[in-house]
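Below: one structure, written as structure tokens.
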Amino acid sequence: MEYSPALAIATALFEITVALWAFVGSGERFIIRTTSLILVLLAGYQLTEVGICANTAAAGFLPRLAFIIVTWLPPLGLLLIAGLHRPRSRLMDGTATTMLAAALAIVAWIAIDRSFVHASVCSAVFARYTSIMPRFMVYSGFYWAGLLGMILFSGYGARTCVDQHRRRMLRYVFMGTLAFVLPSLAVSWYVPPTEGALPSIMCHFALLLAISLTRMIYVERKETEEQDTSPATQPG
């Protein structure tokens, strides 16, 4: 089936729109900026995939760019979770910092290694990639460790965070992460034509994460506006 870019473009437009809406609004700057960056990266992958699938034979650097983009998503997710949790956790902060450092090294590796990944074929709404083992196993270990950390830390924070507002936001991160990881795995395992397309499938299902983060930003904005207009914060 011929690749159709409509889903990727529509998803990217939604993610960019929400990122801009979040960035210009009220709320804690760290939360807003980190979430906006995650949304922009998700949109960046979608648009990169459109470029790849326009001509896979001449994709050049684009497949590596796609992997460079998604490399940052788990570390930034961990950074967001660590920043949301109260009280601050040395384990969460240390894990986020370590993953960001690892991401920087992996991005440099992908940028230098021209044979790291190639686009093989695009079909329907997803792209398949090929990579030489065992290098891809190293990358996969890093990526899945980050996603597992996001699930565990956000789930833990959603139950233990002492700040009710932040606990609610962590719940959205937790639900959004599960909402795109579990269906992605199910599709890749049980739908044979998607073999080799897990990165593409995950980024399409990450629309569910984007929707959950949109709700989180709305909650943060509403809380900030209520605090700004409460009598205790009024002058005099």
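The table below lists the values:
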read-out	value
Count of residues meeting criterion [without any contact (Cβ under 8 Å) to a residue 40 or more places away in the chain and not hydrophobic (A, V, I, L, M, F, W, C)] in the range 3-31	2
Condition check for VAL187: β-branched (Val, Ile, Thr), assigned to a helix (DSSP H, G or I) and more than 30 Å from MET216 (Cα to Cα)	no
Hey, ARG168 of a type outside the set (Ser, Thr, Tyr), out of contact with any Ser or Thr (no Cβ under 6 Å at 6 or more places or on another chain), part of a helix (DSSP H, G or I) and in contact (Cβ under 8 Å) with a residue 40 or more places away in the chain or not	yes
Only listed residue being under 27 Å from ILE9 (Cβ atoms), in contact with a Lys or Arg (Cβ under 7 Å, 6 or more places away or on another chain) and aromatic (Phe, Trp, Tyr), chosen from TYR129, TYR172, TYR143	TYR172
Search result, residues across the range 124-155 that are touching a residue at least 60 places away in the same chain (Cβ under 8 Å), in contact with a Phe, Trp or Tyr (Cβ under 8 Å, 6 or more places away or on another chain) and surrounded by fewer than 17 Cβ atoms within 10 Å (Cβ to Cβ)	ALA124
Whichever residue in the range 192-204 is surrounded by fewer than 18 Cβ atoms within 10 Å (Cβ to Cβ) and touching a residue at least 24 places away in the same chain (Cβ under 8 Å) and, among such residues, is nearest to TYR45 (Cα to Cα)	GLY196
Among (1) part of a loop (DSSP other than H, G, I, E, B); (2) surrounded by fewer than 21 Cβ atoms within 10 Å (Cβ to Cβ), the one test that TRP21 misses	(1)
Qualifying residue in the range 2-15 (condition: crowded, with 20+ Cβ neighbours inside 10 Å, of a type in the set (D, E, K, R) and either at pLDDT 95 or above or not in a helix (DSSP H, G or I) (or both))	yes
Residues located in the range 91-123, provided they are more than 14 Å from ILE69 (Cα to Cα), of a type in the set (Val, Ile, Thr) and either buried (at least 16 other Cβ atoms within 10 Å of the Cβ) or in contact (Cβ under 8 Å) with a residue 24 or more places away in the chain (or both)	THR95, VAL121
Helices (runs of 4 or more DSSP H) (entirely within the range 27-103) containing at least 2 residues that are within 18 Å of ALA8 (Cα to Cα) and in contact with an Asp or Glu (Cβ under 9 Å, 6 or more places away or on another chain)	29-54, 62-71
Some residue of the range 166-184 being more than 23 Å from ILE16 (Cα to Cα), surrounded by 21 or more Cβ atoms within 10 Å (Cβ to Cβ) and hydroxyl-bearing (Ser, Thr, Tyr)	no
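The values are calculated or read from the model by the stated rules, or taken from the named source; none is laboratory data. Since this is a predicted model, take the numbers as computed values, not measurements. In this analysis, Cβ positions are derived from the backbone assuming ideal geometry, glycine residues included, and neighbour counts consider all displayed protein chains.
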